[in-house]
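J.: Let me give you the structure first, and then I'll get to my questions.
Read the figures in this text as sums done on the coordinates, not as results from a lab. The model shown is predicted, which means the values in this text are computed figures rather than measured ones. No Cβ is skipped: glycine too gets one built from the backbone with ideal geometry, and neighbour counts run over all protein chains shown.
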Amino acid sequence: MKRSHNIAQLSDLSIRWDLVIIGGGATGLGVAVDAASRGYRVALLEQSDFTKGTSGRSTKLVHGGVRYLAQGDIGLVTEALHERGRMRENAPHLVKDQRFIIGNYRWWEKPFYTLGLTLYDLLAAKRAFGRSLPMSRKQVAAEIPQIRTRGLRGGVVYHDGQFDDSRMAVNLAQTATELGAVCANYVRVTGLAKDRDGKITGIDALDLLTGRAIALQAGVVVNATGVFVDELIQMDVRGKNRIVRPSQGVHLVVDRSFLGGDTAIMIPRTSDGRVLFGVPWHGKVVLGTTDTPMNECVLEPRALDEEIDFILRTAGAYLLKQPRREDVLSVFAGLRPLAAPGKSADGKKTREISRSHLLIVSKSGLLTVTGGKWTTYRRMAEDTVNQAAAIAGLPRRKCTTRHLHIHGYDKTVNRASFHSVYGSDYEKILLLQHENSNWNEKLHPQYDYTGKEVIWAVREEMAFTVEDVLARRLRLLFLDARAALEAAPAVASLMAKELGEDAAWEQAQVEAFTETAKGYCLDA
């Protein structure tokens, strides 16, 4: 992906785009892939970096939603389970089968969860990842050596998917580009263009890297800006009721020794009515999440002390090795865009608001899509493009993404290496070490990331800041914030040489990243 080439196309006033998509998270990128695969002319604009917001801050799960099953939402669970299977089929280098165990401490829990999870498997049908089975106390302790054994009666094992969210987004952007879409990060929409009848005909935008204004003509504008959808709706019609109720989810990352194995733990009922996960991810363990109603939407949300304490306390009640604040390698927070139109957005607990996606068409023709989750991104995109085609009067074409391989598709990756997330691109990355042997040096002595991954991120993945690389291309900020801070100068130096920037740019990048990374360190 070459941003300069893409910006040149976006600046061509003679082009009329069938769809202009605003938002470069899971939803917007999914829509871009779907629309481009149908042969429509597509432009996607992201105000920051791809998955800077919610889509890069998930629990890293591709799942049907066990707790939604308990709530009786069979339709949502069935759809998600089928989409879970498609994600693994289409991106096997990023999505893998993950074993989960629910520890049982009461006599009725084993038969209860065995029955429920057997239904979970049946709903997945031929796309089931593995069979749910009851386990003995000894079997549970063997798989999760750090689970609390006092009062443990046994457990139930089930299977779900795990992935790397921001890496998936990068691959979706590459897929969309290969299909003919034009995607650009760091482009902010500043206005909506309308005709005399009040119908939207395009958008005005600003290239934040160059300061250049851009105007695009569009058959339809898709608002896929996540928790910020209401800002664009207000740009369309002042005074409209908000349709999103933001809910904050916090995750803590700790050393893998807190589980002691490769199997995840699921705590089915916490004090706030949610579930809590402890999931192995890139050699660490992700603990989360929370569900805190928020009134303000920001790009870089911060975890509240009470959320951090809740996760530590809840996880500690089920683990022999109890995590403490000083054990936390990184803490990250994300805002869920829960679809709650009108008055239902107020006074309702966020866990009671539907996780289904929502499509809204305004009188001007603005198409807003919100809600949903990563697992169902493809289905959300299919529904959105169908609606967009109708609004713009585009020729009807069938969706082709159910079996569309995502960029990097590789079924033979080595899961033991972080390089697995590159899939089929890894061989190309290895070639970079022949161009410059210094690029083979580690960015940090404790991690395997090297300079060649930084160069690849700049050349092929539209990375323009140190944060782009360390937060979303390599994920080090999410895995170990202090290590990321230590690696930042090396990354800035490599990027400056590749981008043709000077020492002042290097210093500014390190300072900006340091300020951001402080929010991921508990002792900052």
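J.: DSSP beta bridges in the chain, what fraction antiparallel, as a percent rounded to 5? Mind dumping the intermediate values first?
T.: Working: 60 of 77 bridges.
Around 80 percent of the beta bridges assigned by DSSP in the chain are antiparallel ones.
J.: Among all the aspartates and glutamates, which ones have a C-alpha under 12 Å from Lys398's C-alpha, if same-chain residues fewer than 8 places away are not counted?
T.: Asp34, Glu382, Asp383
J.: Any chance you could run the full-extension gain for Ala503 through Thr118? It's 0.36 nm times the residue separation minus the Cα-Cα distance, nm to one decimal. Don't jump to the answer; show the numbers that get you there.
T.: Numbers: separation 385, 0.36 × 385 = 138.60 nm, distance 5.92 nm.
Computed gain between Ala503 and Thr118 is 132.7 nm.
J.: Once fully extended, how much extra length lies between Ser11 and Asp97, figured as 0.36 nm per residue of separation less the alpha-carbon to alpha-carbon distance?
T.: Numbers: separation 86, 0.36 × 86 = 30.96 nm, distance 4.31 nm.
Difference between extended and current length: 26.6 nm.
J.: If we count chymotrypsin sites (Phe, Trp or Tyr not before Pro) as exposed when they sit in a DSSP loop and have at most 11 other beta carbons within 10 Å, what is the longest stretch of the chain that avoids them all?
T.: The longest uninterrupted stretch comes out as 109-524.
J.: Further question on the same structure: Over 20 Å between C-alpha atoms is what I'm after, so list which of Lys240/Lys363; Lys96/Lys284; Lys240/Lys373 land there. Working shown, then result.
T.: Details: Lys240/Lys363 12 Å; Lys96/Lys284 16 Å; Lys240/Lys373 24 Å.
As for pairs spanning more than 20 Å Cα to Cα, those are Lys240/Lys373.
J.: From the phi angles alone, apply the Karplus equation (6.51, -1.76, 1.60; θ = phi - 60°) to the stretch 211-218 and give each ³J(HN,Hα) in whole Hz, x where the residue is Gly or Pro.
T.: x, 8, 7, 9, 10, 10, 8, 9
J.: Okay, moving on. Cut-off under 30 Å on the C-alpha distance; same-chain residues fewer than 8 positions from Lys497 excluded. Which lysines are left, in chain and number order?
T.: Within the straight-line cut-off, Lys497 pairs with Lys2, Lys52, Lys428, Lys442, Lys452, Lys518.
J.: Then there is this: When we measure straight from the Cα of Lys110, which lysines land under 21 angstrom away, once same-chain ones fewer than 8 places off are left out?
T.: Qualifying lysines at Cα under 21 Å: Lys138.
J.: At most 10 other Cβ atoms within 10 Å and a DSSP loop assignment: could you name the trypsin sites (Lys or Arg not before Pro) in the stretch 132-200 that fit?
T.: Numbers: sites: Arg137, Lys138, Arg148, Arg150, Arg153, Arg167, Arg188, Lys194, Arg196, Lys199; in loops: Arg148, Arg150, Arg153, Arg196, Lys199.
Here the sparse-neighbourhood loop sites are Arg150, Arg196.
J.: DSSP loop trypsin sites (Lys or Arg not before Pro) in the stretch 379-482 with at most 12 other Cβ atoms within 10 Å of their Cβ, which ones?
T.: Values: sites: Arg379, Arg396, Arg397, Lys398, Arg402, Lys411, Arg415, Lys428, Lys442, Lys452, Arg459, Arg472, Arg473, Arg475, Arg482; in loops: Arg396, Arg397, Lys398, Lys411, Arg415, Arg475.
Answer in residue order: Arg396, Lys398, Lys411, Arg415.
J.: While we're looking at this one, here's another question. Remind me, relative contact order of the chain in percent, using alpha carbon pairs under 8 angstrom and six or more residues apart? Show your work: numbers first, answer last.
T.: Numbers: 1098 pairs, mean separation 99.7, N = 524.
Computed over the chain, the figure is 19 percent.
J.: Determine Rg/Rh for the chain; Rg is computed over alpha-carbon atoms and Rh is the Kirkwood hydrodynamic estimate from the same atoms.
T.: On the way: Rg = 22.6 Å, Rh = 23.6 Å.
Result: Rg/Rh = 0.96.
J.: Any chance you could run the full-extension gain for Asn295 through Glu486? It's 0.36 nm times the residue separation minus the Cα-Cα distance, nm to one decimal. Spell out each step's value before the answer.
T.: Values: separation 191, 0.36 × 191 = 68.76 nm, distance 3.42 nm.
That pair, Asn295 and Glu486, stretches by 65.3 nm at full extension.
J.: Could I ask something else about it? Could you tell me how far the Cα centroid of the stretch 83-148 sits from the Cα centroid of the stretch 417-438, in Å?
T.: Answer, in whole Å: 34.
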